[in-house]
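Single-structure report; data block below.
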Amino acid sequence: MFYSFCKFVLNIFLRLRYKIVVHGNPNLEDTPLIICSNHISNWDPLILAIIFNRPINFMAKKELFTNKLFGNLLKKAGVFPVDRENVNIKTIKYSINLLKDNNVLGIFPEGTRVTEVKEDNMKTGVAMIASRSNADIVPVFIKGEFKFRSKIEVFIRENIKIEQFKQLPKDIKNKEITKEIYEEIYKVV
């Protein structure tokens, strides 16, 4: 209920502020999914939240939870904290359990906003979570300058089917999944 209310309000606000253009299908399957997007602005998770038909449980830096009131609002909206410098097993298990309960997880696989695009920025944690939960991945590319009334384009790519990596040896599986995520997010638009 709280998520729906926030989404309604944010949808009005963000569509007045930006010209949001969505390429691809924002209607997610009713299966466990991980949305992986590039990260260029603080508005990115909110843009993703308003365009997709299902609620997204975002993993967010723990610093956002230092203010108790704001932290509680984030938690109420399904956002949960992660220590980007020292990801613990509790966060990984929580993510996997969300997916096993048929939810949608939102992660920015580079871990922070980036200015220089390179494969080395990608963290392998998403691959590990996807592999352990059998959740497919929805790669998303966000493009825009985030100036008032500027065009923000969201490119929703085809799902990366985690099943295709099942036969790979464990030691290279996460690297291959991470590489695929990177290539799908940043492929030429």
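Rule-based calculations on the coordinates, nothing more; no lab input. These figures come from a predicted structure and were not determined experimentally. So basically every Cβ, Gly included, is an ideal-geometry build from the backbone, and we count neighbours across all protein chains shown.
Couple of notes before you dig in:
- Charged-residue dipole, Cβ positions (Lys, Arg, Asp, Glu), the range 120-180 about Cα centre, Debye nearest 20: 160
- Once semi-axes √(5λ) of the Cα gyration tensor in Å is calculated for the structure shown, the corresponding label among [x] 25, 20, 16; [y] 30, 19, 15; [z] 21, 19, 16 turns out to be [x].
- Derived scalar couplings ³J(HN,Hα) [the range 74-91; Karplus, 6.51 cos²θ - 1.76 cosθ + 1.60; whole Hz; x for Gly, Pro]: 4, 4, 5, 8, x, 8, 9, x, 9, 8, 5, 8, 8, 5, 9, 4, 4, 5
- Restraint check, K61/K93; K75/K147; K61/K123; K62/K90; K143/K173, Cα-Cα greater than 23 Å: K75/K147; K143/K173
- Mean-square fluctuations from a GNM of the chain, with a 10 angstrom spring cutoff on Cα atoms, peak among N53, N86, N72 at N86.
- Taking every alpha-carbon pair under 8 Å whose residues sit at least 6 apart, the range 2-185 reaches a relative contact order of 31 percent.
- Under 5 Å between amide hydrogens, built in the peptide plane, is the criterion, and for H23 it picks out V154, F155, I156 among residues at least 5 positions away or on other chains.
- Amide hydrogen neighbours beyond the local backbone of I35, cut-off 5 Å, H modeled: L105, G106, I107, V138
- Among beta bridges from DSSP that stay inside the range 2-185, the antiparallel ones total about 20%.
- Taking a Cβ cut-off of under 11 Å around T91, the surrounding Lys, Arg, Asp and Glu residues balance to a net charge of +3, with basic ones at +1 and acidic ones at -1.
- A straight line joining the Cα centroids of the range 121-145 and the range 162-189 runs 9 Å.
- Here's the picture: charge each Lys and Arg Cβ at +1 and each Asp and Glu Cβ at -1 in the range 1-156, and of I92, V140, F80 the one pushed furthest to the positive end of that dipole is F80.
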